[in-house]
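The values are calculated or read from the model by the stated rules, or taken from the named source; none is laboratory data. Predicted model, so just to flag it, every value in this text is computed and none were measured. Positions of Cβ are backbone-derived with ideal geometry, glycine not excepted, and every protein chain shown enters the neighbour counts.
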Amino acid sequence: MKKQLSLSTVVTKTSRASQPIFFRQNWVEIDKSDFRFNFKKIKEYIAKDTKIMPVIKANAYGHGGVEIAKEAQKIGVSQMAVSSLEEGIQLRQAGIKSSILILNNIFPSENFQVALVHSLTPTVCSMSQLLALECLARRLNKKINFHLQIDTGMGRIGTTPEAAYSILQKVSQTSEISMIGMYTHFAVADVDPIFTQLQLDIFTKIIKFARVNLGLKFIAHAANSSALFRNTRTHLDMVRLGITLYGLMPFKHSERFLKLKPVLSWKTRITFLKRVPSGFCVSYGRTFVTNKASIIATIPVGYADGYNRLLSNKADVLVRGKRCPIAGRITMDMTMIDVTDVKGVALGDEVVLIGSQGKEQIKADELAKVQDTINYEVTSAISTHIPRVVV
């Protein structure tokens, strides 16, 4: 009996030329060697005994959460962080054994049990959450580990510094639960060193109280990607990094500290091609009109894939190593490009939306500038339905 080919087999199969085969020619490539390169460079930059916690939330900032977590585990990462229980469960189901911290506030408190079932480490942000966790530990007769988050100025989640002292007193008196980590998050580490130092001073005072006055032992972490470069005093026991591990820099000129490599490339192929006369209109609203006989190509990428509509008539893509402009408005699942000046252009030619081709490169930062946003949003916005391929 002939074996039936499943959809997953088709999607992950590769050709002799090592090119991924998809029904829809639209995919993201994740370069594991560049990820390892960035990790190594950052490890060399920080103190020898300072740990690195990769932040793999939001599908690893669009890079593919499972794929990145597997690479991180392979290089010996013992702790990683995600935003939600769902993300943590997904990594566990994919075989990730490393410790996983849930950065978000778990609500309602009954969901602490979900974290426990999947061996996920919860964040505690208040006395009421601490008491709920203690109650669960007693009911299950099981010791539960957690991290305490202190809000030193971000104003998002976490206990206030004033309330932290009574929480820590309670932690020191409770044997059923164990605070294995304590952390804060910087609001303006990229642009405001004074406020960042103020946040750090508040946090280190609380750390000292917990360790010296109460004898608690835990990992203290605060530094995000911006603080990694702006203030080495923020490194503490562990740095909590997202965007820099993926080779995207957190602020302008931060490459002067470390030269890292972008891990992500976004690619597609020309699926339709036609010659058109001068005065030909392209896409909705007729915002693009040819001023000479032209060649217009269609690619199977649109704003539903995360290729932002604000890039219409403003961004470039790469075809055969040459920059080609977006022609007209980006539609939901297709975009047109002007390939008139590309010699020998043909159906099936690879098109690079983010990444390098020949001597040219399009960075996420370039697309972010057009959209008046940050590189984080550009990659995070790439839809999860786009296949991630590790190369």
Legend entry - Of all residues making up the range 189-202, the number that are surrounded by fewer than 16 Cβ atoms within 10 Å (Cβ to Cβ) and either modelled with pLDDT under 95 or among the hydrophobic types (A, V, I, L, M, F, W, C) (or both): 4
Legend entry - Condition check for Leu120: closer than 24 Å to Asn213 by Cβ and in the same structural domain as Ile56 (by TED's automatic domain parsing): no
Legend entry - Residues (β-branched (Val, Ile, Thr) and either touching a residue at least 40 places away in the same chain (Cβ under 8 Å) or in contact with a His (Cβ under 9 Å, 6 or more places away or on another chain) (or both)) located in the range 291-329: Ile295, Ile296, Ile299, Val301, Val317, Val319
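Would you check if Phe229 is in contact with a helix residue (DSSP H, G or I) (Cβ under 7 Å, 6 or more places away or on another chain), modelled with pLDDT under 95 and within 30 Å of Lys32 (Cβ to Cβ)?
It is false that Phe229 is in contact with a helix residue (DSSP H, G or I) (Cβ under 7 Å, 6 or more places away or on another chain), modelled with pLDDT under 95 and within 30 Å of Lys32 (Cβ to Cβ).
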Inset, instruction - For the range 91-100, indicate whether the set of residues that are in contact (Cβ under 8 Å) with a residue 12 or more places away in the chain, touching a His at 6+ places or on another chain (Cβ under 8 Å) and of a type outside the set (Ser, Thr, Tyr) is non-empty. - result: yes
Inset, instruction - Test Asp151 against the stated conditions and say whether it is buried (at least 16 other Cβ atoms within 10 Å of the Cβ), charged (D, E, K, R) and touching a helix residue (DSSP H, G or I) at 6+ places or on another chain (Cβ under 6 Å). - result: no
Legend entry - Wholly enclosed strands (runs of 3 or more DSSP E) of the range 293-349 bearing at least 1 residues among the hydroxyl-bearing types (Ser, Thr, Tyr) and farther than 27 Å from Ile374 by Cβ: 294-299
Legend entry - Residue ID - surrounded by the most Cβ atoms within 10 Å (Cβ to Cβ), chosen from residues in the range 203-259 that are under 20 Å from Lys369 (Cα atoms) and aliphatic (A, V, I, L, M): Leu248
